[in-house]
Amino acid sequence: MSSSKKRVADAEFVSAYVASTDCGGVAAKLGVTASAVRSRAAKLRKAGVELPVFDRTPRKKKEIKVAELNVICSVAKTSQEQ
């Protein structure tokens with residue numbers, strides 16, 4: 001079983017990158033992951049290529065059920081004390 005990564009030339013990558021508004025768009029155009037796009041862009045910037053930095057999409061905040069978690073903590077604490 002061989003894993004084949006899609007090889008994209010730097011010029012093709014930069015063209016797709018500057019024509020997009022986010023890493024997901026670049027990834028879709030090139031058939032790679034958004035993570036690979038971010039990594040490649042950082043590498044090219046470090047080498048001196050003046051790629052723009054896309055704004056990161058904020059993650060949805062996960063609701064934390066504090067009351068339920070505190071019940072679990074108190075139950076565990078009382079069972080340890082016995």
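The values are calculated or read from the model by the stated rules, or taken from the named source; none is laboratory data. All of these numbers come straight from a predicted model, not from anything done at the bench. Counting neighbours? That spans all protein chains shown, and the Cβs are built from the backbone with ideal geometry, glycine included.
Quick check on Ala76: is it of a type in the set (A, V, I, L, M) and at pLDDT 95 or above? Full working, then the answer.
Numbers: of a type in the set (A, V, I, L, M): yes; at pLDDT 95 or above: no.
Considered against the rule, which asks whether it is of a type in the set (A, V, I, L, M) and at pLDDT 95 or above, Ala76 comes out as no.
For (1) out of contact with any His (no Cβ under 7 Å at 6 or more places or on another chain); (2) among the small types (Gly, Ala, Ser); (3) crowded, with 17+ Cβ neighbours inside 10 Å; (4) not in a helix (DSSP H, G or I), each residue gets a yes or a no:
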{"residue": "Glu12", "(1), (2), (3), (4)": "yes, no, no, no"}
{"residue": "Ala16", "(1), (2), (3), (4)": "yes, yes, yes, no"}
{"residue": "Thr21", "(1), (2), (3), (4)": "yes, no, no, yes"}
{"residue": "Gly25", "(1), (2), (3), (4)": "yes, yes, no, no"}
{"residue": "Val37", "(1), (2), (3), (4)": "yes, no, yes, no"}
{"residue": "Ala42", "(1), (2), (3), (4)": "yes, yes, no, no"}
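Among the residues of segment 14-41, count how many are of a type in the set (Val, Ile, Thr) and within 19 Å of Pro58 (Cα to Cα).
Selection size over segment 14-41: 4.
Output the qualifying pairs, or none if there are none: Cβ atoms under 7 angstrom, residues six or more apart or on different chains, first residue in segment 34-49 and under 16 Å from Ala11 (Cβ atoms), second residue of a type in the set (Val, Ile, Thr).
Final answer for the pair search is Val37/Val26; Val49/Val14.
Are any residues in segment 57-82 of a type in the set (A, V, I, L, M) and closer than 30 Å to Cys23 by Cβ, and if so, which ones?
Passing the criteria: only Ile64.
Can you find even one residue in segment 49-56 that is surrounded by fewer than 11 Cβ atoms within 10 Å (Cβ to Cβ), over 14 Å from the mean Cα position of the chain (by Cα), at pLDDT 95 or above and not in a helix (DSSP H, G or I)?
Yes, segment 49-56 contains at least one residue that is surrounded by fewer than 11 Cβ atoms within 10 Å (Cβ to Cβ), over 14 Å from the mean Cα position of the chain (by Cα), at pLDDT 95 or above and not in a helix (DSSP H, G or I).
Which one is farthest from the chain's Cα centre (by Cα) among residues in segment 57-82 that are assigned to a loop (DSSP other than H, G, I, E, B) and farther than 18 Å from Gly25 by Cβ? Walk me through how you get there before you give the answer.
Keep residues of segment 57-82 that are assigned to a loop (DSSP other than H, G, I, E, B), which gives 57-65, 82.
Filter once more, so that each one left must be farther than 18 Å from Gly25 by Cβ: 59-65, 82.
On the way: Arg59: 10, Lys60: 13, Lys61: 16, Lys62: 17, Glu63: 21, Ile64: 22, Lys65: 26, Gln82: 45 Å.
Of everything passing the filter in segment 57-82, Gln82 is farthest from the chain's Cα centre (by Cα).
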